[in-house]
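Written out below as structure tokens is the structure these notes cover.
The values are calculated or read from the model by the stated rules, or taken from the named source; none is laboratory data. As the structure is a computational prediction, the values presented were derived from the model and not from experiment. Reconstructed Cβ throughout: ideal geometry from the backbone, glycine too, with neighbour counts over all protein chains shown.
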Number of protein chains: 2
Amino acid sequence: MVKAMRVIPLGTSSGKPTLRRNVSALAVAREGDWLLFDCGEGTQTQIIRAGLNPSRLAAIFITHLHGDHFNGLAGLLSTMGMDRRERQLTLIAPIGIREYLDTLARLKILFVNYPLQVREIDKDELPPNALTQVYETAEYVVSSCPLDHRIFALGYRLDEKPKPGRFNVERARELGVPVGPLFSRLQSGKEVQLDDGSIVHPAEVLGAERPGKSVTYCLDTRPCAASKTLARDADLLIHEATYTEEFFEEAQHYGHSTAMQAATIAREAQAKRLLLTHFSTRYPDVTPLLEEAQAIFSETRTAQDLIEVNV
Amino acid sequence: MVKAMRVIPLGTSSGKPTLRRNVSALAVAREGDWLLFDCGEGTQTQIIRAGLNPSRLAAIFITHLHGDHFNGLAGLLSTMGMDRRERQLTLIAPIGIREYLDTLARLKILFVNYPLQVREIDKDELPPNALTQVYETAEYVVSSCPLDHRIFALGYRLDEKPKPGRFNVERARELGVPVGPLFSRLQSGKEVQLDDGSIVHPAEVLGAERPGKSVTYCLDTRPCAASKTLARDADLLIHEATYTEEFFEEAQHYGHSTAMQAATIAREAQAKRLLLTHFSTRYPDVTPLLEEAQAIFSETRTAQDLIEVNV
């Protein structure tokens, strides 16, 4: 069975934490490992609360260098050092991250004794309004595209690679394939030779390839063409909605989106579902944001810290 | 009535946070304002939990630049900026703090639009084993002295100035002082002239001056002469106790103290009470640390996040 990806918001408040919402961070957990998008202050504690294992964290993606999106990085990196992490960690972030980490290292603030691969993305490095792959594993790729915020900010999109079709056990038996290692070989898409010399091709026992799922992470940003490109046909679009339309001008001025604007992006990009996050602390109750977005795009939810969404 | 100082531990774990103990930070609240000692990651959230008002925070004292003692600084400083703080804030910290803040400012990570007075203390600036005043208000002074940790670390001591003696209302009336502003004037130590031309001196209506209270903050450190100097006759000594004696060698190696060592400092310095903090995460139950210390110094308590201690 192909397991769902789990999207776990670790912080859903913009600017500063409240007692109910920490600052920006979001985990995407798959079988085996997980990814972290943004790392606001206190994220390492939210990771404990979420029951995520830091040793299985494969990569961190930072959208931009505003403190509420990455002030928790130094603590998380150091804690993994104290916990004797050995596995490589990849960190992808906008220009400036190296200067930041170098300063921390020089001042001995950072305790990192495992391989940390830093990919610093410069302002003009990624083409506008197009997906550029920045991270790849055997099972998925992560792409990025610059957004439209007050400072250089990156949106991200995770695309699972197509998964092999379902394995037809009955058919394999009919063809004389013995239960055991040859089954696995066929399942992984390789042909096998039987004792009688005949060849069984995977296409004979596998159903049609199944498309992978996709998750898009767009914060912080004004509504823009890049958001739409990142969100195109996504199974889940996670988009900031700092304000309601009432504060349209503040949103524009500070480089943010209203809930209506986020919903419009979701609709125009034909995303399947929308998860709003990054709420201004002026909304202790986020119902107005939810209702405003649902009027445009019905498949909308508001993120809550530590409440999982399956994809 | 002279109000007690309130000592509010905001984080009592060493190195990394747990769900019950955040990393190092401690508030000392007096009437009107409060001081923060260390500012580990997540301190701004603990400040909300403690019900402390950040706009009344007068000064921050950082012991040393290990992340678990100051990774929360950038977030707290920026949040006060977003909350439109206007009042000056004083920040006292070891050498390196300027380079750190300058990097954050250059990368636009920090949002500080109020007067921030930074006092950076260099390694050879303070004489060893002596108190040097680093902060003063009308009501108290804070002194510092270098401790003995892996990196340059500072201990701090707050001494309230002596408070005026109790005002004898009966005696003032007998002397013909009318109830009202002249009472306040006498209470503040100034003489007054009555309508009949006679002078009343404060000494005639005030009891003996009352000594102020003192609180000492010693972390992180091995046991050392400086701790004893800082703790001499203190009403409350807050001292790190990262380990039990069983881990004496680790304590020595990493520049920390055992509970027994902390208690010995308290006893030899003739402190009145001892509050242990900065516990290794290997102790989910800190009773062994408490018992070890109480065997040496009975007036010992273990700090808990958000549990106040009056001085």
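Descriptive notes on the structure:
- All of A:Ser298, A:Ser227, A:Ser257 fail the test of being without any contact (Cβ under 8 Å) to a residue 60 or more places away in the chain, under 28 Å from A:Ala4 (Cβ atoms), in contact with a helix residue (DSSP H, G or I) (Cβ under 7 Å, 6 or more places away or on another chain) and not aromatic (Phe, Trp, Tyr), apart from A:Ser257.
- In the stretch B:173-218, the residues that are under 30 Å from B:Phe37 (Cα atoms) and acidic (Asp, Glu): B:Glu209
- Restricting attention to the stretch B:26-43, the residues that are under 23 Å from B:Glu240 (Cβ atoms) and either touching a Lys or Arg at 6+ places or on another chain (Cβ under 7 Å) or away from every other protein chain (no Cβ under 14 Å) (or both) total 8.
- Taking helices (runs of 4 or more DSSP H) as the structural unit, those lying wholly within the stretch A:69-175 and holding at least 1 residues that are under 30 Å from A:Glu209 (Cα atoms) correspond to A:169-174.
Yes or no, residue by residue, for (1) of a type in the set (Gly, Ala, Ser); (2) modelled with pLDDT under 95:
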site	(1), (2)
B:Ser188	yes, yes
B:Leu206	no, yes
B:Ser214	yes, no
B:Thr229	no, no
B:Leu237	no, no
B:Gly255	yes, no
B:Arg273	no, no
B:Thr277	no, no
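- Close contacts from the stretch B:70-98, counting a first residue that is closer than 17 Å to B:Leu219 by Cβ and more than 10 Å from chain A (Cβ to nearest Cβ) and a second that is of a type in the set (Ser, Thr, Tyr) and in a helix (DSSP H, G or I), with Cβ to Cβ under 9 Å and a gap of 6+ residues or different chains, come to B:Ala93/B:Tyr100.
- Within the stretch A:28-73, considering residues that are of a type in the set (Val, Ile, Thr) and within 16 Å of the chain's Cα centre (by Cα), the one surrounded by the most Cβ atoms within 10 Å (Cβ to Cβ): A:Thr43
- Inter-residue pairs, beta-carbon under 8 Å, first assigned by TED's automatic domain parsing to the domain that holds B:Gly11 and without any contact (Cβ under 8 Å) to a residue 40 or more places away in the chain and in the stretch B:238-249, second in a helix (DSSP H, G or I) and of a type in the set (S, T, N, Q), 6+ apart: B:His239/B:Ser227
- Selection status of A:Glu268, more than 23 Å from A:Thr63 (Cα to Cα), in the same structural domain as A:Val28 (by TED's automatic domain parsing), at pLDDT 95 or above and not small (Gly, Ala, Ser): no
- Residues of the stretch A:18-54 that turn out to be small (Gly, Ala, Ser), modelled with pLDDT of 95 or more and either outside the structural domain of A:Leu158 (by TED's automatic domain parsing) or part of a loop (DSSP other than H, G, I, E, B) (or both), as a count: 4
- Taking the stretch A:107-127 as the range and being more than 14 Å from chain B (Cβ to nearest Cβ) and basic (Lys, Arg) as the test, only A:Arg119 passes.
- Test for B:Arg98: is it surrounded by fewer than 18 Cβ atoms within 10 Å (Cβ to Cβ) and either farther than 18 Å from B:Ala58 by Cα or over 16 Å from the mean Cα position of the chain (by Cα) (or both): yes
- Failed item, numbered, when B:Pro115 is tested on (1) in the same structural domain as B:Gly81 (by TED's automatic domain parsing); (2) surrounded by 13 or more Cβ atoms within 10 Å (Cβ to Cβ): (2)
- Residue ID - modelled with the lowest pLDDT, chosen from residues in the stretch B:126-165 that are over 19 Å from B:Leu219 (Cα atoms) and more than 15 Å from the chain's Cα centre (by Cα): B:Pro164
- Of the residues making up the stretch A:191-221, those that are part of a loop (DSSP other than H, G, I, E, B), touching a residue at least 24 places away in the same chain (Cβ under 8 Å) and surrounded by fewer than 20 Cβ atoms within 10 Å (Cβ to Cβ) are A:Gly207, A:Ala208, A:Glu209, A:Pro211, A:Gly212.
- Residue that is farthest from the chain's Cα centre (by Cα), among those in the stretch B:9-27 that are buried (at least 24 other Cβ atoms within 10 Å of the Cβ) and of a type in the set (Val, Ile, Thr): B:Val23
- A Cβ distance below 8 Å, combined with a sequence gap of six or more or placement on separate chains, defines the contacts here; from the stretch A:174-190, residues that are exposed (fewer than 11 other Cβ atoms within 10 Å of the Cβ) reach residues that are basic (Lys, Arg) in the pairs A:Val179/A:Arg173.
- Complete set of residues in the stretch A:124-173 that are among the β-branched types (Val, Ile, Thr), more than 20 Å from A:Arg232 (Cα to Cα) and in contact (Cβ under 8 Å) with a residue 40 or more places away in the chain: A:Thr137, A:Ile151
- Scanning the stretch A:21-39 turns up no residue that is out of contact with any helix residue (DSSP H, G or I) (no Cβ under 6 Å at 6 or more places or on another chain) and under 25 Å from B:Tyr254 (Cα atoms).
- B:Leu306 in a strand (DSSP E or B) and either in contact with a helix residue (DSSP H, G or I) (Cβ under 8 Å, 6 or more places away or on another chain) or modelled with pLDDT of 95 or more (or both): no
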